[in-house]
1. Considering only the stretch A:13-31, how many residues are more than 11 Å from every other protein chain (Cβ to nearest Cβ), farther than 16 Å from A:Met83 by Cα and in a strand (DSSP E or B)?
2. Tell me, please, whether a residue that is more than 14 Å from chain A (Cβ to nearest Cβ) and crowded, with 19+ Cβ neighbours inside 10 Å can be found in the stretch B:55-65.
3. For A:Thr77, work out the one condition from (1) assigned to a loop (DSSP other than H, G, I, E, B); (2) more than 13 Å from every other protein chain (Cβ to nearest Cβ); (3) in contact (Cβ under 8 Å) with a residue 12 or more places away in the chain it doesn't fulfil.
4. So which strands (runs of 3 or more DSSP E) stay within the stretch B:8-51 end to end and still have 2 or more residues that are within 14 Å of chain A (Cβ to nearest Cβ)?
5. Among the residues that make up the stretch A:33-51, is at least one of them in a loop (DSSP other than H, G, I, E, B) and buried (at least 18 other Cβ atoms within 10 Å of the Cβ)?
6. Got at least one residue in the stretch A:88-98 being away from every other protein chain (no Cβ under 11 Å) and either touching a residue at least 24 places away in the same chain (Cβ under 8 Å) or among the polar types (S, T, N, Q) (or both)?
7. Between a residue in the stretch B:83-97 that is within 11 Å of chain A (Cβ to nearest Cβ) and under 25 Å from B:Glu17 (Cα atoms) and any residue that is part of a strand (DSSP E or B) and of a type in the set (A, V, I, L, M), which pairs come within a Cβ distance under 7 Å, given they are 6 or more apart or on different chains?
Amino acid sequence: SAVISQKPSRDICQRGTSLTIQCQVDSQVTMMFWYRQQPGQSLTLIATANQGSEATYESGFVIDKFPISRPNLTFSTLTVSNMSPEDSSIYLCSVLRQGEGNTGELFFGEGSRLTVL
Amino acid sequence: AQKITQTQPGMFVQEKEAVTLDCTYDTSDQSYGLFWYKQPSSGEMIFLIYQGSYDEQNATEGRYSLNFQKARKSANLVISASQLGDSAMYFCAMREGFNKFYFGSGTKLNVKP
């Protein structure tokens, strides 16, 4: 199983600022996924990050607000730009389990819990 | 239509008893995967169990089993011998194709001592 490390685990941010979340995987993966979980809600996919190409954003999410980098096959960052209180959420990085006998589940990082004041 | 429906926002269970968390899904695909995840208050998402659409046997993983009823499009999670550490949010999810995932709204399980 993949080990995924996310930083920061939590942060309190001021309105109007930006924060970058880092996601490090212990093995090379083709796709990395960024999810948002607003308080008391389910997970919503923000974008899929592919190495060497632009991230693919889901409806309702734009690159200017959530720029993503994917410089190599083990690392990605998600920036939450110009934050407002509505951006207070848990942000989760995930990868697909791959390999022989895999069931194709998503592995998740520990999540980054952001609070915007 | 919702792809994944979890109708129980919250559930209580007595320690050591079994509990069933409901999940129904909607898909027209023949091949799909069904998953359950546990999310403690810390926020991480922990994979619990998987059921493939072609699997005839119900999946089991330790105290977790998945009651798969394909005709009814249900994939209920059964937790046997509940423990205090089982208190968490539980999410049902479905994968269509290679990487398209849908998550339910979750069920908050409280295990009472």
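Where a number appears in this text, it was derived from the coordinates with a stated rule and is not lab data. Given the structure is predicted, the values throughout are model-derived calculations rather than measurements. Every residue, glycine among them, receives a Cβ derived from its backbone with ideal geometry; neighbour counts consider all protein chains shown.
1. The number of residues fulfilling the criteria is 4.
2. Within the stretch B:55-65, one or more residues are more than 14 Å from chain A (Cβ to nearest Cβ) and crowded, with 19+ Cβ neighbours inside 10 Å.
3. Checking A:Thr77 against (1) assigned to a loop (DSSP other than H, G, I, E, B); (2) more than 13 Å from every other protein chain (Cβ to nearest Cβ); (3) in contact (Cβ under 8 Å) with a residue 12 or more places away in the chain, the one that fails is (1).
4. B:32-39
5. Among the residues of the stretch A:33-51, at least one is in a loop (DSSP other than H, G, I, E, B) and buried (at least 18 other Cβ atoms within 10 Å of the Cβ), which makes the answer yes.
6. The answer is yes; a qualifying residue exists.
7. Every condition considered, the pairs that remain are B:Cys92/B:Ile4; B:Cys92/B:Ala75; B:Ala93/B:Ile4.
This table checks each residue for (1) away from every other protein chain (no Cβ under 14 Å); (2) small (Gly, Ala, Ser).
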| position | (1), (2) |
| --- | --- |
| A:Arg36 | no, no |
| A:Leu43 | no, no |
| A:Ser53 | yes, yes |
| A:Thr56 | no, no |
| A:Phe61 | yes, no |
